[in-house]
Amino acid sequence: MENNSPKKNKRILLNTAAALAGAFVVLAAASFPMKTVYYTVHTDKISEAVRIAQVSDLHSCYYGKDMENLVNAIDETSPDMVVLTGDIYDDSADSGNTCTFLDRIGRKYPCYYVTGNHEQRNGSWDSFVREAESFGIHVLDGENTDAFGITLCGSGKNFSASIEKCAEEADTDKFNVLLAHYPEQIDYYRSFGKFDLILSGHAHGGQWRIPGILNGLYAPNQGLFPEYAGGRYDFDDSVMIVSRGLSRTKEIIPRIFNNPELVIVDIVPGDS
């Protein structure tokens, strides 16, 4: 028995080390600090550069006291404007964090907000609109507005009608940015031939990723292995950027290799 004891102890040590290593890998994969992601889009339709900070799918998650982690991250990039592409509120979570965040950024930046699916559940959108507007947020519900030399086109509660209205009123001589929550509708957006840049969210980055191999495992309305989980997608006539969103506590299944992100888009004059 004594002769077997060293071997047994060695096996225990090896198994323990393997278990600890496995736990470390899982915890590292599932850690999800927010990061800031930058994209550059070139166009000959503007004469001066414009920087947009895109916030999407916050779901009223906590980002430090007074939401300072998220607000500070935005401040560090010095954007010209902030766009909010849906699910900033949540359909069930307390809205305190969202209200704090909107109040703070509404005092600092021009902010433009379009609905996501969570704002519309339980008939909540109208009350969210009133609240957001009380913080100085411009809510776009099927309308276009000019800002810093570009046109922001905002999808609304009545999705198809709002997109059609935006497209009808869009001037193709201007750089048109469509704010629309649902990336899986890209073929519909492109069918109008009016939108140069589409900013979306909704997919939460596909929840699980394997960098360089799998961009996302599952996304709402796209199912398994979503085509538009997150990132930049270039087409002949337009560019779509899909934020991986900022939610990090609402998911039943935690994010893996899929950081919540603040998206910064620089629209610059000239060819790439």
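When +1 charges are put on Lys and Arg Cβ atoms and -1 charges on Asp and Glu Cβ atoms, the dipole computed for the chain relative to its Cα centre reaches about 1780 debye.
Taking the accessible area of the chain, probe 1.4 Å, and keeping the other protein chains in place, the carbon and sulfur fraction comes to 52%.
Arrange the peptides 52-59, 218-225, 171-178, 184-191 so that the one whose residues have, on average, the most other Cβ atoms within 10 Å appears first.
Ranking the peptides 52-59, 218-225, 171-178, 184-191 by packing returns 52-59, 171-178, 184-191, 218-225.
Taking the three principal axes of the alpha carbon atoms in segment 220-272, the coordinate ranges are 44, 22, 16 Å, sorted in descending order. Residue pairs exceeding 18 angstrom between C-alpha atoms, taken from Lys174/Lys194; Lys165/Lys194; Lys108/Lys165: Lys108/Lys165. Which of rounded, prolate or oblate describes segment 80-229 when judged by the alpha-carbon gyration tensor and an a/c cut-off of 1.5? In terms of gyration-tensor shape, oblate.
Taking max minus min of the alpha-carbon positions on each principal axis, the chain gives extents of 86, 40, 34 Å, largest first.
The translational diffusion coefficient of segment 171-255, from Stokes-Einstein at 10 °C and 1.306 mPa s with a Kirkwood hydrodynamic radius over alpha carbon pairs, comes to 119 µm²/s. How many angstrom lie between the Cα centre of segment 220-272 and the Cα centre of segment 97-173? Cα centroid to Cα centroid, the span is 19 Å. In the chain, a dipole from Cβ-located charges (positive for Lys and Arg, negative for Asp and Glu) runs towards its positive end, and of Ala73, Thr172, Thr85 it is Ala73 whose Cα lies farthest in that direction. Residue ranges 133-141, 95-103 sort as 95-103, 133-141 when ordered by packing (mean number of other C-beta atoms within 10 Å per residue, highest first). Solvent exposure of segment 93-248, expressed per residue, is 42 Å² of accessible area, with all protein chains present and a 1.4 angstrom probe. What FRET efficiency comes out for the pair Lys65/Lys35, r = Cβ-Cβ distance, R0 = 22 Å, nearest 0.05? Once rounded, the FRET efficiency stands at 0.60.
Absence of a disulfide-compatible partner, taken as no other cysteine beta carbon within less than 4.7 angstrom, is noted in the chain for Cys61, Cys99, Cys111.
The values are calculated or read from the model by the stated rules, or taken from the named source; none is laboratory data. All figures in this text were calculated on a predicted structure; none of them were measured in a lab. We place every Cβ from the backbone using ideal geometry, glycine too, and count neighbours over all the protein chains shown. The area values use the complete protein model at the heavy-atom level, side chains included, leaving out ligands, DNA and RNA. Shrake-Rupley method; radii C 1.70, N 1.55, O 1.52, S 1.80 Å.
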